[in-house]
1. For B:D249 and B:T185, compute 0.36 nm times the residue count separating them, minus their Cα-Cα distance, and round to one decimal in nm.
2. Summing +1 for each Lys or Arg and -1 for each Asp or Glu, what net charge is found among the other residues whose Cβ lies under 10 Å from the Cβ of B:I149?
3. Holding the Cα-Cα limit at 23 Å, pick out from B:K131/B:K198; B:K131/B:K231; B:K44/B:K197; A:K54/A:K252; A:K77/B:K91 the pairs that are longer than that.
4. Based on the Kirkwood radius over alpha-carbon pairs, what is the Stokes-Einstein translational diffusion coefficient of region B:30-281 at 37 °C with 0.692 mPa s viscosity, in µm²/s?
5. Output needed: percent of Cα pairs per 10 Å distance bin for the protein assembly as shown, bins running from 0 to the one holding the longest distance.
6. Given 25 °C and 0.890 mPa s, how large is the Stokes-Einstein diffusion coefficient of chain A in µm²/s, with Rh as the Kirkwood radius over Cα pairs?
7. Taking region A:272-379, how much of its Cα-Cα pair set, in percent, is spaced more than 22 angstrom apart?
8. What residues of region A:56-86 lie in the reach of a label at B:W270, counting those whose backbone N is under 20 Å from a point 7 Å from the Cα along Cα→Cβ?
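What follows draws every value from the coordinates through simple rules; no lab data is involved. This is a predicted model, so every value here is computed, not measured. Glycine also receives a Cβ, built like all others from the backbone with ideal geometry; neighbour counts cover every protein chain displayed.
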Amino acid sequence: MTMQKAIVKMLQGNEACVYGALYAGVEFFAGYPITPSTEIAEGMARELPRRGGKFIQMEDEIGSIAAVIGAANAGCKAMTATSGPGFSLMQENIGYAYMTETPCVIINVQRGGPSTGLPTKIAQSDTMQARWGTHGDYTAIAVAPSSARECFSETVRAFNLSERFRTPVIVLTDEVLGHMREIMTIPQAGELRVVDRVRPDVPHEWYRHFEITPSFVSPMASFGEGYRYNVSGLTHDQDGFPTAIPEEIKTKLDKLRLKIERYIDEITSFRTEMMDDAHVAVISYGSVARAAYQAVRMARERRIKVGAIQPFTIWPLGEIRLRELLIPIKKVIVAELNMGQLVHEIRRVAPRHTEVFSLNRYDGEVMTPHQILDKIREVL
Amino acid sequence: MTHQPLQSEVTHHYLRPKKKFPNVWCAGCGNGIVMGALIRAIDKLGLDKNDVAVISGIGCSSRMPVYLDFNTLHTTHGRALAFATGVKIAKPQMKVIVITGDGDALAIGGNHFIHACRRNIDITAVLINNKIYGMTGGQFAPTTPGGMIATTAPHGNYEKQFDVVKLAIGAGASYVARGTVYHVTQLEKLITGGLRKKGFALIDAFSNCHTYYGRMNREGDAVAMIRWFKKHAMPVEAAARIPPEKLKDKFITGLIHETDATEFCEEYHWLVDRLSGKEAEK
Ligand SMILES: Cc1ncc(C[n+]2csc(CCOP(=O)(O)OP(=O)(O)O)c2C)c(N)n1
Ligand code: SF4
C-alpha cells in the first residue's frame with residue numbers, strides 16, 4: 001500500500017456529512033432544499049454525478065425518502081438530508097423503511113420548531129421525533145455528532161449501522177454544527193470501517209427477503225438480481241406477503257425490535273471525560289456536548305468533581321452502560337436545546353440514588369459553558 | 001409444430017407460485033382484467049421477469065404487484081411514482097411499471113404524478129381509473145363525475161374532476177393513452193406501446209368498481225358497467241371525424257398523445273459522461 005498524503009480540509013458540518021457519506025460509499029441521494037441542511041444536497045449534486053453516483057432533487061421530502069427507499073431496494077447505499085418540516089413530511093415513509101427493513105440514512109439538521117419555527121437557528125427539539133416520529137411499534141437508531149470531524153465519522157457509522165441491521169438510521173445534527181467550519185483531516189481509505197449489507201448466498205428460489213435468521217437480520221438481495229421478492233409496508237410474512245396471522249404479525253414486530261436490541265453494545269457508543277472521580281455528571285449530545293466539556297473543565301478548576309458523558313448513539317441510548325456510568329454519580333444534569341426530551345430517557349435509566357436535573361434552552365441560541373457551569377453550581 | 005400456450009398458461013407463468021389465491025378483489029372487479037392485459041403485454045415483449053419491477057401505492061388496484069412474479073414494491077398511498085423514480089434511476093436497465101389507482105395517483109399522489117410526467121422518466125404507469133376510492137369503501141375521488149353518489153358525497157358530488165389524460169399531456173408525459181376493461185385487446189396494445197416507449201407513459205385504464213360506484217349509482221353489476229364502457233368509448237381516430245356535439249356522452253380511447261423527448265435517466269447518463277470526459281481532459 002502506498003502512503004497517501006493526509007488531506008486536511010476546512011469543512012462545515014454539512015460538508016463533512018457529504019464527505020462522510022461518500023467515504024461510506026453512498027451511491028444515491030434524493031432531497032428537497034431546506035435550511036439549514038441544503039448544503040448537503042448541494043454537495044451531493046456536485047459530487048455524485050462526478051463519481052457515477054445518482055442525485056435527484058425531488059418534488060418534496062415525501063418523494064425524496066420514497067426515492068431513497070426505492071434506490072436502496074435496487075441495491076444502492078442511499079440517503080437524504082433535511083430539517084424539521086421535511087423530517088415531519090418523511091415520517092410515513094421512514095416507517096415504511098422500518099417495516100420493509102430497507103437500509104438508508106436520513107440526516108436531520110435540526111432547527112427550531114414547531115412548524116416553520118426557526119429556519120436559521122439551532123435546536124435539538126427533534127430528539128424524540130427521531131425515536132417515535134412515525135406511527136407504530138419499531139426500534140429506531142439515531143446517531144449524533146458534535147463536530148465536523150464527527151459529522152464525517154458518524155455519517156459513516158450511520159451507513160454502517162443501516163447496512164448491518166437493514167434499517168433506516170437517522171443522523172441528528174443541528175444548525176450550528178451544520179454551518180460551523182472546522183479544520184479536519186479526511187480519513188484515508190481503510191482508516192474507518194465501511195460495512196456493506198449481507199447478500200444472500202442461497203439459490204434464487206430459496207431466498208426469503210425477510211427470513212428469520214439466528215441474528216434476526218436477513219440477508220438482502222436487490223431488484224434485478226433474479227430473486228424477485230415482494231416488498232410491502234403491510235405487515236408481512238418472511239416472503240414479504242401480507243399476513244393477518246397473529247403469530248406471523250408478532251414474529252415480524254419482534255424481529256424489528258430484536259435485530260437492534262440484541263446488538264446494543266455494538267450500536268451504542270459514548271465519550272466520557274473526567275468521569276473517574278466524579279459525583280456530578282453532565283449528559284449532552286451534539287453541539288451542547290462541546291459546551292459541556294468546556295463547562296466541566298471550568299468546574300474542575302473550581303475543584304468540583306464533575307464529569308461529562310456524550311452519547312454518540314441517541315437511540316437506542318444503551319441503558320445498561322449508561323446506568324453503570326451513573327452508579328457513582330449523585331447528581332446528573334441533562335443539557336439539551338429543547339424543553340426536555342432526552343432527560344425523560346435518562347430519568348428512566350438512572351440508578352435510584354442519582355438525582356436527575358434538566359437544563360434547557362429553547363430560544364434559538366447555543367448552550368454556553370457558563371450556563372452549564374451555573375447549573376452545576378446550583379445543583380451541588 | 002410448437003405448442004401454442006393457452007392464454008391461462010401465459011398468465012400463470014407470471015403469477016407467484018407461493019402466493020395463495022384467491023386475491024383480495026371482489027369477483028368481477030376490473031383490476032384482474034388490467035392485470036391480464038399487463039401480463040400479456042409483458043409476455044409479448046418477451047421481457048425477462050428479473051428485469052421487470054412493478055411498483056404500486058395503496059388501494060385495491062395497488063394490490064396487484066403482490067400477485068406478480070417480478071421485483072415488486074407495494075409502497076405507501078400515493079407515493080408509488082416517487083419510489084419508482086428511485087428504482088429507475090438506481091437501475092435504468094430495468095423496466096419499471098407503476099400500478100396506481102385514480103385516488104392514489106391524482107389525489108394524494110398528484111404532486112409525484114405531475115413531476116414524473118415532467119421529468120419524462122422512463123416509467124410505464126397504468127392508472128386503474130374506477131372513479132372512486134374502492135379500498136376504503138366508496139368515497140369520491142378527483143375523478144368522480146359531478147352529481148354522482150359516494151359515501152362522502154351522499155347528496156351528489158359537487159366537485160370538479162381531473163381529466164388525467166389532459167393533465168399528463170400538460171405535465172410533459174411522452175405517451176398518453178386511454179383504454180377500458182371492456183376493450184382488453186386494445187388495452188394490452190396500449191400497455192405494450194407504453195412499455196416500448198422510452199419516456200413517461202401513462203395508460204389511463206377505465207375500470208369498474210361495481211361494489212361501490214356501481215351499487216351507489218345504480219349502474220348495475222360488473223357486466224353492466226363493463227358494457228357501459230363498450231357503449232361510450234370512442235376511438236381517438238373516429239372522434240377526429242365526428243362533430244364535437246356528438247361526442248358529448250363519449251370518452252376518447254386509444255393512443256391520444258405521443259412525442260419524442262429526451263428521457264430523464266438518459267440525460268443524467270450524458271451528464272455523468274460529460275463530467276468524466278472533462279475530468280480526463282484535465
Ligand atoms: C396516507 C394514507 N391516507 C389514507 C389512506 C387510506 N386509503 C387507502 S386506499 C385509499 C384510496 C384508494 O383509492 P384508489 O387509489 O382510487 O384505489 P382503488 O382502491 O379504487 O383501486 C385510501 C384513501 C392510506 N392508506 N394512507
Ligand atoms: S371494492 Fe371496487 S375496486 Fe375494490 S376490488 Fe371491489 S370492485 Fe374492485
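1. Computed gain between B:D249 and B:T185 is 20.7 nm.
2. Working: positive: B:R215, B:R218; negative: none.
Counting the neighbours of B:I149, the net charge comes to +2.
3. On the way: B:K131/B:K198 28 Å; B:K131/B:K231 17 Å; B:K44/B:K197 15 Å; A:K54/A:K252 32 Å; A:K77/B:K91 13 Å.
Those over the limit are B:K131/B:K198; A:K54/A:K252.
4. 177 µm²/s
5. For the protein assembly as shown, the pair-distance distribution reads 3, 15, 23, 22, 17, 11, 6, 2, 1, 0.
6. Working: Rh = 21.3 Å.
This corresponds to a translational diffusion coefficient of 115 µm²/s.
7. Across region A:272-379, Cα pairs with separations above 22 Å total 20 percent.
8. Once the point is set 7 Å along Cα→Cβ of B:W270, A:56-57 turn out to lie under 20 Å by backbone N, inside region A:56-86.
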